[in-house]
Each structure stands twice: as structure tokens, then as C-alpha cells.
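Heads up: the structure comes next, in C-alpha cells.
Taken together, the values in this text are just the output of simple stated rules run on the coordinates, not laboratory data. These figures come from a predicted structure and were not determined experimentally. Positions of Cβ are backbone-derived with ideal geometry, glycine not excepted, and every protein chain shown enters the neighbour counts.
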Amino acid sequence: MGKRYSSYPSPGARLKTLLGLANQAQSYWALQNVSFELQRGQCLGVIGDNGAGKSTLLKLLAGTLRPSSGALQRVGRLTAILELGAGFHPDFTGRQNLLYGGSFIGLSREDMVRLSDEIIAFSELEDAIDRPVKTYSSGMVVRLAFALVTAVQPEVLIIDEALAVGDQHFQKKCVQRIEAFRQSGCTVLFCSHSLYHIRQLCDTVLWLDHGRVRALADTESAFASYETHVRMQDKRDAATP
Amino acid sequence: MKEVLQETTLLRRHRGLLWVMVRRELSARYAGSAAGMLWAFAQPLLTVAAYYLVFDVVFAMRMGSNAPTQHVGTYLIVGSLPWLAFCEALSRGASSLVDAGGVLQKNALPPVLFVARSVLASWLVFAPLMLLMTLAYLPIGGGGWAVAAVPVLLLLQGLLVYVLAYVLAILTAALRDTTQVLGFFLSIGIFASPVLFPLSLFPEAWRWVLYANPMTAFVLAYQSVLLQGHWPAAGYWGVMVVWLVVLSWLLNGLLRRSRDELVDWL
């Protein structure tokens with residue numbers, strides 16, 4: 001699978017390309033020849049430097065982007081946590097936002113009525129749930145959003161850096177929930193700069209470098225090669241004045 | 001028209017979500033205000049009430065001999081309510097994709113939902129108002145069977161606005177200046193239509209220019225039904241269908257060309 005982005009010298013050039021008047025697009029591959037297969041209950045960690053193509057890969061898997069080459073196949077319900085609380089409206093209460101957010105991930109009103117007590121309990125926002133979301137701290141928004149999207153166990157779970165926010169106590173709860181999903185057969189794809197979290201959750205690691213796969217191996221051996229790469233990079237940086 | 005049909009299938013498949021989004025859009029527009037959604041109906045109602053008061057009650061102005069009615073306010077309202085509906089739905093629809101950029105990049109949702117949501121939310125406000133206007137004009141138009149044309153016109157206008165708004169939303173995604181240009185065209189567009197002046201006042205050699213405004217045929221059709229009690233002439237229906245076909249063809253081409261990159265542009 002691969003993803004090519006087009007860049008245009010100006011917005012006008014983009015319009016001309018769209019209208020078929022000229023094609024001034026310059027394209028670059030954000031991701032090339034990435035291929036893997038995951039089984040039920042497997043957890044894949046995605047690591048790499050900034051701009052390596054991690055988010056692009058997860059967006060392709062989540063279906064928000066379309067691959068420029070290749071194809072992907074997923075089985076079962078998918079939940080993607082690319083950014084928590086993105087669709088929340090600040091003037092509506094937490095409870096109102098839950099109902100709306102639920103419909104985005106395919107939960108009906110009846111589902112939400114059934115699940116809302118459990119979601120609110122997990123987010124630990126019982127006292128604040130009927131207040132407008134604009135009065136929440138960023139950590140509270142994230143707690144509510146995480147509790148919502150993980151209210152129903154998916155077959156495939158995609159998480160992009162979502163655990164970097166929230167306090168230690170909540171991060172622990174999130175990891176426990178993801179682990180529980182995995183135990184009962186959910187396939188997890190997890191992208192993070194926190195090697196600690198990846199080590200805790202994942203059995204396989206994919207190391208991306210400039211859009212290409214540098215390693216796809218068990219967690220410890222992939223980490224070993226990645227850490228060597230980081231050390232080399234640091235050495236090079238130290239050598240250049 | 002493969003792409004346009006695919007979008008229609010998507011809308012049908014996600015109709016439950018679309019309905020939730022429309023309701024939420026309407027309440028979000030006026031969130032925090034005391035009167036809430038009532039404002040959506042109050043704004044256009046107050047505008048047409050002002051026309052009636054100023055032109056028909058206070059100044060009692062009269063139109064020329066060839067006009068479909070003698071009362072200026074009565075004439076203005078029939079054209080301006082559909083025109084207001086057109087402008088509102090189009091400007092909201094044109095910016096709908098760019099506004100939803102954050103959500104679309106993080107959730108695997110079809111972009112068409114956001115265009116349809118904006119247009120439908122506006123339509124749900126204006127369609128009842130226009131039906132109300134039809135009732136109020138029954139004594140003027142005579143209340144004949146021509147009134148049955150109004151719901152058909154409302155549906156056609158909604159469809160036309162949806163297609164045009166989608167075209168503009170894709171163009172806006174590619175080039176943000178589109179909304180500025182649209183604003184300019186909407187403000188001069190009212191002069192290139194029979195909303196303010198009857199068709200008979202336009203020089204005959206230049207009347208064809210009015211049909212470059214997609215609303216001209218609609219405004220003429222509403223006027224003939226509500227002011228004269230006539231079923232709209234076949235020519236008006238023809239112009240509407242031509243506009244709809246041309247815009248759908250354009251939309252189809254834009255969808256095909258932008259399919260893989262649209263979300264990247266937002």
C-alpha cells in the first residue's frame with residue numbers, strides 16, 4: 001500500500017488541476033510499499049521519527065484517506081482514535097455531545113441511552129456531564145471522548161498518540177481497557193512516541209522511516225534497531241557543528 | 001453521472017446520521033441564544049414583514065402596468081424569500097467542507113454528508129416559510145390548482161442548491177477565494193434576476209442574461225403561481241432542468257478529479 005500527496009505551487013494551480021486546465025502538481029510519496037497482515041488479538045505498534053508516515057498509515061487504515069496504490073482489507077467493526085473530542089461542540093453539554101458523537105461512530109440513540117451511564121462512569125465526569133464542554137479542561141474532554149469511542153468493543157482499534165494526553169491515572173485506565181479488548185480478540189494498531197506504552201501493549205512493531213518499512217518484527221528486536229538508529233542520529237548531530 | 005449516483009447512494013445509506021447532523025446543525029447555529037432555533041425562522045420573516053410594511057403600508061407604492069401585481073411589497077416578497085433561501089443555503093453549503101475539515105480528517109465519514117447537512121438544514125427552515133407564504137398569497141393568486149406547483153418547485157430548488165453548493169464546496173476546498181467570489185455574485189445576483197424588478201422592465205435584448213442566474217426561472221415560476229395563479233410556463237421548467245443537468249455533469253467531473261485528494265485539501 002502507498003500514499004502519494006500532491007503539492008501545488010499555489011492554490012490557483014490546484015484549481016487549474018482540478019478543472020483540468022493544467023497539471024502543475026508535484027507529488028511525493030508519504031508512504032511506499034507498506035504491507036502487513038494482522039491476526040485477531042494481535043497488537044501492532046507503529047514507531048518512527050516525525051514525518052515518517054505513521055499518521056498517514058493510520059489514516060489509511062482508518063479510512064479517512066484513500067491509498068494511492070495497493071489496497072487494504074479489514075474485517076469487522078473499526079474504531080479509530082485519531083484525535084479525541086474533535087467533533088465536540090463547546091456550547092453543548094457533555095451529555096449532548098455524547099449523543100452526537102455516538103452517531104458519528106455508528107451508535108444509535110437507543111445504544112447511547114443504554115451505554116451512557118457506563119461511559120460517564122468510565123470518564124469519571126459524573127459531576128460535570130451536564131455542563132457545557134467549553135467549561136471542561138482539555139484532559140476532561142479527552143476522558144469523555146475516549147470513554148465514548150471505546151464504549152463498544154471493536155474488532156479493529158486504531159490509536160494515534162491519543163494516550164499522550166490525560167493524567168497518569170486515566171492513561172493507566174485506558175491501557176487496561178485496550179489490553180482487555182486485545183485479550184478478547186480485538187486487533188490493535190497503536191502509534192506512539194512513548195516506547196513505554198508500546199512495550200506494554202504491543203507484540204509486533206513496525207518501524208517506518210521516510211515512508212518505508214525499516215523493520216517489522218517482534219517488539220524487542222524492532223526497538224533495538226530503532227534505538228541504534230536514534231543513537232547514530234544523535235552522534236551525527238553532535239558531530240556537525 | 002456515476003460519481004453523483006454514488007454520492008446519492010452514500011446519502012441514502014447514512015440517512016440516519018444525516019438526520020442527526022441536520023438537527024444538530026440547526027441547534028448549534030443558535031446555541032447560547034435565548035430564542036434558540038426560533039431565530040432561524042424569525043430573521044427571514046422579519047425581512048419580508050419589513051418589505052410589506054414599508055412598501056405596501058407606509059408608502060403604498062405601485063408597480064408599472066406590465067407587472068404581475070400592482071403592490072411593490074407583495075411583488076418583492078415572492079421573489080426575495082426564495083432568493084434568501086438560495087443565498088443562505090449556498091453560502092453555508094459552499095464552506096461546509098472546509099469548515100468540517102478537522103472532523104473529516106479524523107473520522108472516516110463521506111464528505112457529501114456535510115454539504116447535504118448544510119443545505120438540508122437551510123431548506124428545512126425556508127421550505128415551511130415558503131409554504132406559509134403560499135397560504136398567505138392564496139387570496140391574491142386565486143387559490144387554483146397551480147398552487148400544487150409550489151412543493152415541486154421547493155424540491156427542485158433544494159436539489160439545485162445541493163448540487164451547486166457541492167460544486168462550490170469542492171472549488172472552495174481547492175481555492176479558498178471561491179467563497180469571496182461567491183459573496184460578490186450573491187450580492188449582485190439579485191439585480192440579475194426578476195426579484196426586485198419585473199421582467200418587463202429589463203431591455204428585451206438583455207433578458208437572456210437573467211437566465212445565467214440559476215434562480216431566475218424559479219423566481220418567475222413562483223411569481224406566476226402566487227401572483228397570477230398560473231401553472232409555471234414549460235420554458236421555466238425547461239431552464240431549471242437544463243441548469244440541474246449542467247451542474248450535475250460539472251459536479252460529476254469535479255468529484256472524479258478530486259476524489260483521492262479532497263480531504264487532503266481541507
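Lysines within cross-link reach of A:K59: Cα-Cα under 16 Å, excluding same-chain residues under 8 positions apart?
Counting by Cα, and skipping residues close in sequence, A:K59 has these lysines nearby: A:K3, B:K106.
Please give, to one decimal in nm, the separation of the simple spin-label points placed at B:A50 and A:L38, each 7 Å out from Cα toward the Cβ.
So the label points at B:A50 and A:L38 sit 5.7 nm apart.
Given R₀ = 41 Å, what would the calculated FRET efficiency be for A:D111 paired with B:R176, taking r from the Cβ atoms and rounding to 0.05?
Plugging the Cβ-Cβ distance into 1/(1 + (r/R0)^6) gives 0.60.
How high is the relative contact order of chain A, in percent, with contacts defined as C-alpha pairs under 8 Å that are six or more residues apart?
Relative contact order here is 27 percent.
Going 7 Å from the Cα of A:S7 toward and past its Cβ, which residues in the range B:98-117 have a backbone nitrogen under 20 Å from where you end up?
Under 20 Å, as judged by backbone N against the label point of A:S7, lies no residue of the range B:98-117.
With r as the distance between the Cβ atoms of B:L131 and A:L72 and R0 = 41 Å, compute the FRET efficiency 1/(1 + (r/R0)^6) and round to 0.05.
About 0.30, to the nearest 0.05.
If you build the convex hull over the alpha carbons only and average its shadow over all orientations, what do you get for the protein assembly as shown? Give it in nm² to one decimal.
Average projection, Cα convex hull of the protein assembly as shown: 29.4 nm².
Which helices, taking whole DSSP H runs in chain B, have alpha carbons extending 18 angstrom or more along the helix axis plus mean Kyte-Doolittle at least -0.5?
Helices meeting the span and hydropathy rule in chain B are B:15-29, B:38-51, B:72-94, B:112-136, B:149-174, B:234-258.
Gaussian network model of chain A, Cα springs within a sub-10 Å range: biggest mean-square fluctuation belongs to which of A:Q24, A:Q168, A:Q32?
Maximum fluctuation in the GNM of chain A, among the listed residues, is at A:Q24.
If I stretch the segment between A:M232 and A:N23 completely, what's the gain in nm (0.36 nm per residue apart, minus their alpha carbon distance), one decimal?
Roughly 71.2 nm would be gained on extension.
Sticking with the crude label model, points 7 Å out along Cα→Cβ, report the distance from A:Q183 to B:V241 in nm, one decimal please.
With each label point 7 Å from Cα toward Cβ, the separation is 6.6 nm.
How high is the FRET efficiency from B:S65 to B:F185, r the C-beta distance, R0 35 Å, rounded to 0.05?
0.65
Going by the alpha-carbon gyration tensor, a ≥ b ≥ c the square roots of its eigenvalues, is the range B:148-212 rounded (a/c under 1.5) or, if a/c is not under 1.5, prolate (a/b greater than b/c) versus oblate?
Oblate is the answer for the range B:148-212, as a/c is 1.5 or above yet b/c matches or exceeds a/b.
Can you work out the PRE-style zone for B:S200? Point 7 Å along Cα to Cβ, and I want the residues of the range B:231-256 with backbone N under 14 Å.
No residue qualifies, since no backbone N sits under 14 Å from the label point.
Whole Å is fine, so just give me how far the alpha carbon centre of the range A:31-105 lies from that of the range B:30-105.
When both Cα centres are located, 42 Å separates them.
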